[in-house]
Number of protein chains: 2
Amino acid sequence: MTKKGMGRVLSEQGHNSDQEMLATMSRHGWRITDQRRTLAQIFTSNEGYLSPKDVYDQMSLKYPSVSFDTVYRNLRMLSEMNVLEQFYFMEGGLKFKASCLDHHHHHLICINCEKTLTFEYCPMEQQMALPGNYKILNHRFEIYGLCEECQESTV
Amino acid sequence: MTKKGMGRVLSEQGHNSDQEMLATMSRHGWRITDQRRTLAQIFTSNEGYLSPKDVYDQMSLKYPSVSFDTVYRNLRMLSEMNVLEQFYFMEGGLKFKASCLDHHHHHLICINCEKTLTFEYCPMEQQMALPGNYKILNHRFEIYGLCEECQESTV
DNA sequence: GTCTATGCAAACAATTTGCACAATG
DNA sequence: CATTGTGCAAATTGTTTGCATAGAC
């Protein structure tokens, strides 16, 4: 029933596989088109964040006549059903990556190639004195750095 | 000379006062115009984030013929010299607030009115096991919630 | 066959740029 | 008075919408 099926194994970091993505689309009543199949592959085979333009470029390789609005439409749709997560880079604008649905965690992001690793530590588990009487709803914790490859190549 | 005279005191949370903002502009070689004076006041008298439109609206009150591009130019300029800090809200787009230059801290942000409180706890002080061999450069930790007033008014 | 997805063109929003005039230092 | 700031209009970029046709179920 659920996407977990019987003996299903999550890909290494708990990302959706492209099959899972397609299943999710289907479950939400969206049709599985060739473009969407390709879109799913693009995101499952990519560890980092992709801009709409990046996605468009990759799509164009297989579908030379693909249009920007289709890319935008699908990116928005996939974000709405939590298959993708959005992130706004101050320098690079809005980007997308496959979201990790199975557990709470935070990200270590390479500011050069944008490859993203997850880690389990969450600061909200600490007892910390917060000012004011806010009703806490959400939080965001990200660490930025240079991954091993980018450290070497940036010398 | 400065508005606080000799025994100058930083405003409660270490924000720049508008005088300090103007001094910074001056120090960077920018001229002090009436609009910029007003702009400084707008940001020092506001705890939350302001969109370019918000700023434009407030500026229009005093300078009915102010133009959007001047607002943008000045916002960009002030961000570049670290007088303002930018923040991209997923829902509301790019916004600005007076930056706190004197010490490291993080923010508790009301998602309704965007009033922002600072707190001292920093998760990077913890020993945490991070994956990969990233060279850590930066981090971001924000907590979102509803401030007391907004909890009441949102019932 | 019905209904959704796509591509095209056009609309729209946010931000930036070029230029002549106004204002600051 | 020399130079920077401003307002106006237009350009640019990123994203969304309307509509006819192609494609999925």
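The values are calculated or read from the model by the stated rules, or taken from the named source; none is laboratory data. Note that the structure is predicted; figures quoted are calculated from it, not measured. Using ideal geometry, Cβ is built from the backbone for each residue, glycine included, and neighbour counts are taken over all protein chains shown.
Scanning region B:79-96 for residues that are touching a residue at least 12 places away in the same chain (Cβ under 8 Å) and in a loop (DSSP other than H, G, I, E, B) yields B:Met81, B:Asn82, B:Val83, B:Gly92. The set of residues from region A:32-62 being surrounded by 15 or more Cβ atoms within 10 Å (Cβ to Cβ), within 14 Å of DNA strand D (Cβ to nearest atom) and in a loop (DSSP other than H, G, I, E, B) comprises A:Tyr49, A:Ser51. When region B:63-91 is filtered for residues that are within 13 Å of DNA strand D (Cβ to nearest atom) and among the acidic types (Asp, Glu), the ones remaining, listed by number, are B:Asp69, B:Glu80, B:Glu91.
Matching residues to (1) out of contact with any Asp or Glu (no Cβ under 6 Å at 6 or more places or on another chain); (2) away from DNA strand C (no atom under 12 Å from the Cβ); (3) not β-branched (Val, Ile, Thr):
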| position | (1), (2), (3) |
| --- | --- |
| A:Ile32 | yes, no, no |
| A:Thr38 | yes, no, no |
| A:Ile42 | yes, yes, no |
| A:Gly48 | no, yes, yes |
| A:Tyr63 | yes, no, yes |
| A:Ser67 | yes, no, yes |
| A:Glu91 | yes, no, yes |
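Inside region B:61-108, residues that are polar (S, T, N, Q) and in contact with a Phe, Trp or Tyr (Cβ under 8 Å, 6 or more places away or on another chain) make up a count of 2. The residues listed here are B:Gly48, B:Gly92; of these, the one that is under 23 Å from A:Gly132 (Cα atoms), small (Gly, Ala, Ser) and within 14 Å of chain A (Cβ to nearest Cβ) is B:Gly48. If the condition is being among the β-branched types (Val, Ile, Thr) and closer than 22 Å to A:Gly92 by Cβ, then region A:23-77 contributes A:Ile42, A:Thr44, A:Val55, A:Val66, A:Thr70, A:Val71.
Annotation: of all residues in region A:97-155 being assigned to a helix (DSSP H, G or I) and more than 9 Å from chain B (Cβ to nearest Cβ), the one that is nearest to the chain's Cα centre (by Cα) is A:Glu149.
Whenever a residue of region A:52-68 is more than 19 Å from A:Ala98 (Cβ to Cβ), its partners that are within 11 Å of DNA strand D (Cβ to nearest atom) and not hydroxyl-bearing (Ser, Thr, Tyr), lying with C-beta atoms within less than 8 angstrom and at least six residues away or across chains, give the pairs A:Tyr63/A:Asp34; A:Tyr63/A:Gln35; A:Val66/A:Gln35; A:Phe68/A:Pro52. Checked against (1) under 22 Å from A:Cys110 (Cβ atoms); (2) outside the structural domain of B:Ala40 (by TED's automatic domain parsing); (3) in contact with a strand residue (DSSP E or B) (Cβ under 6 Å, 6 or more places away or on another chain), B:Gln86 passes all but a single condition, namely (2). Which ones in region B:14-31 are more than 13 Å from DNA strand D (Cβ to nearest atom) and part of a loop (DSSP other than H, G, I, E, B)? Answer for region B:14-31, where residues must be more than 13 Å from DNA strand D (Cβ to nearest atom) and part of a loop (DSSP other than H, G, I, E, B): B:Gly14, B:Asn16, B:Ser17. Going by what's in this entry, would A:Leu75 be described as away from DNA strand C (no atom under 16 Å from the Cβ) and more than 29 Å from B:Cys122 (Cα to Cα)? When the stated conditions are applied, A:Leu75 does not pass them.
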